[in-house]
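Here's the structure we're looking at; comments come further down.
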Amino acid sequence: MRFAHIADAHLGREQFNQPFRYEDYVKAFREAVEKAVKARVDFILIAGDLFHVSRPSPKALRDAVEILEIPRRKEIPVFAIEGNHDKTIREASVFDLLEHLGLIRTLGLRREEKRDEFLRSKKIADRYLVWAEVGDLKIYGLRHHTRWQLIRGNTNVLKALFKRGDILMLHQAVDYLAKDTPYQDAFDLKLSELPDNFSYYALGHIHVRKLAEPEQTGLKGPIAYPGSTERTDVREASHVVVYGERDRKPKLRENPQPKGFYIVEDFRPEFVEVETRPFYRVTVSGNSKAELRRKVEEVAGLIPKDAVAIIYLEGTVKGGVSLAEFNDLLKGSGIAYYAFRSRVTGEAIISKERVGEEILTEWERELFLHLRSEPKEFPLDEFMDWLLEKYRLGVPEGMSARARKPVEEPKKPENAEEKRPKGEKRVKATPKKEKIEKPKTEKKTRPAKPSSLDAWLRGGRQ
Ligand SMILES: [Mn+2]
């Protein structure tokens with residue numbers, strides 16, 4: 001059995017507000033899918049963040065449909081989970097639409113039962129756990145959740161849901177593999193919190209390629225992150241140029257971070273590269289504006305025209321520098337996109353060190369810097385996730401009730417007969433539960449009324 005493991009395509013993203021970057025993201029995903037189909041895989045996994053936002057534009061949706069039709073024409077099933085970027089708490093999602101079109105099959109906890117050639121369902125409290133079976137392979141998955149949703153006191157939701165199987169697909173940052181990534185201090189799961197007894201962990205969320213072998217982790221199978229299909233951040237640059245204060249000329253090195261996906265055979269992942277636009281991360285240091293300008297001009301000669309380049313200016317310059325004084329330098333360079341970022345001290349513009357040390361609280365300063373870095377790519381829910389994860393605040397009271405509503409209060413009308421497929425047994429409205437403890441006898445800060453999923457997790461399951 002051979003399958004492809006793709007993650008973090010982020011379709012619809014127009015990085016740096018450049019239309020050609022939109023096309024780059026689509027192109028990379030298309031190449032990954034085409035290569036998977038050409039390799040005659042038995043199925044394709046999409047481990048979250050297929051889209052950059054949960055409500056993609058019609059254009060992004062059209063592109064996704066066109067690409068996903070390639071495997072469908074060959075009758076290669078695609079199994080997917082939602083990532084933090086494309087998940088939604090709305091009743092219907094764009095994943096439902098793609099599923100309805102027969103392009104993907106979504107795995108995880110769902111409101112409705114799903115059964116077809118590949119999908120199986122099992123009722124768990126007021127939800128259905130939907131997984132896939134291809135031949136004798138059992139493929140499980142769960143969309144992105146925050147850490148506080150997955151690890152609740154002594155209950156590990158993942159271990160409760162997934163006892164054994166062949167493949168487990170998740171969109172989470174596992175601490176063991178998060179080193180040197182943005183998730184290093186904001187991971188979702190510790191290695192020991194992953195369910196054991198799976199032969200392959202198909203992960204998404206960390207955008208650089210990562211692989212941990214069973215010998216390293218003690219798990220049955222490898223944990224694999226293919227990384228994003230396109231370069232989403234300067235940390236994923238294809239080339240790094242450094243022009244230090246004492247350097248006579250700039251030093252260029254290739255950053256060995258190819259983009260792509262895995263083709264997995266007998267649970268052994270093999271990386272398949274996807275071609276991406278060159279992405280340069282440049283650092284130029286100097287002690288005067290003139291020196292910085294001269295070095296920038298020199299560096300520009302090393303950057304190919306089709307590249308994206310982010311240029312950091314460093315050093316101590318009396319009176320500071322303004323980025324406007326550099327932008328015009330590369331106007332005639334023909335470089336597809338470039339931007340300057342200043343780390344110059346003594347500068348006139350605002351820098352991290354100078355953002356309201358006294359006026360702002362730590363998180364206000366973070367928010368400010370966050371807003372400043374990419375002003376047009378700032379979905380509020382994403383920021384809330386980021387903030388909650390970073391500060392582990394849990395969910396504020398008012399929000400909690402709303403966010404959990406779908407899981408709470410299984411309503412009677414939903415169990416009405418007409419919604420049930422013919423010939424199927426009526427399931428009891430109230431699952432067996434809550435033998436052990438009643439909320440009122442509890443002195444901890446649990447919500448007064450646990451959801452039936454909570455009840456299931458606390459021991460009502462059979
Ligand atoms: Mn992502």
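L158 fails exactly one of the following numbered conditions: (1) touching a Phe, Trp or Tyr at 6+ places or on another chain (Cβ under 7 Å); (2) at pLDDT 95 or above. What is the number of that condition?
If we test L158 against (1) touching a Phe, Trp or Tyr at 6+ places or on another chain (Cβ under 7 Å); (2) at pLDDT 95 or above, just (1) comes out false.
Scan the range 121-135 for residues that are within 17 Å of R164 (Cα to Cα) and in a loop (DSSP other than H, G, I, E, B) and jot them down.
G135
Of all residues being touching a helix residue (DSSP H, G or I) at 6+ places or on another chain (Cβ under 7 Å) and of a type in the set (K, R) in the range 164-212, which is nearest to the ligand (Cβ to nearest atom)? Just the residue, please.
Checking each candidate, the answer is K210.
For the range 213-240, enumerate the residues that are surrounded by 20 or more Cβ atoms within 10 Å (Cβ to Cβ), in a strand (DSSP E or B) and away from the ligand (no atom under 16 Å from the Cβ).
Correct list: I223 only.
Of the conditions (1) crowded, with 16+ Cβ neighbours inside 10 Å; (2) over 25 Å from Y201 (Cα atoms), R62 satisfies every one except a single condition; which number is it?
(1)
I'd like the full set of residues that are away from the ligand (no atom under 16 Å from the Cβ) and under 18 Å from the mean Cα position of the chain (by Cα), limited to the range 79-103.
The answer is F79, I89, S93.
Within the range 258-290, can you find the residues that are over 23 Å from L323 (Cβ atoms), open to solvent by less than 50 Å² (accessible area, probe 1.4 Å) and not aromatic (F, W, Y)?
P258, K259, G260, I263, V264, P269, V272, V274, T276
Taking S57 as the residue in question, decide whether it is out of contact with any Leu (no Cβ under 7 Å at 6 or more places or on another chain) and at pLDDT below 95.
no
Can you tell me which residue within the range 35-72, out of those that are in contact with a Pro (Cβ under 8 Å, 6 or more places away or on another chain) and β-branched (V, I, T), is farthest from the ligand (Cβ to nearest atom)?
Checking each candidate, the answer is V37.
Among the numbered criteria (1) within 16 Å of L203 (Cα to Cα); (2) within 16 Å of the ligand (Cβ to nearest atom), which single criterion is violated by Y140?
Of the numbered conditions (1) within 16 Å of L203 (Cα to Cα); (2) within 16 Å of the ligand (Cβ to nearest atom), the odd one out for Y140 is (2).
Based on this model, can you work out whether K74 counts as without any contact (Cβ under 8 Å) to a residue 60 or more places away in the chain and among the basic types (K, R)?
It is true that K74 is without any contact (Cβ under 8 Å) to a residue 60 or more places away in the chain and among the basic types (K, R).
The values are calculated or read from the model by the stated rules, or taken from the named source; none is laboratory data. Computed from a predicted model, the values in this text were never measured in an experiment. Glycine also receives a Cβ, built like all others from the backbone with ideal geometry; neighbour counts cover every protein chain displayed. Side chains are part of the model used for accessible areas, which takes the heavy atoms of the whole protein and leaves out ligands, DNA and RNA. Shrake-Rupley method; radii C 1.70, N 1.55, O 1.52, S 1.80 Å.
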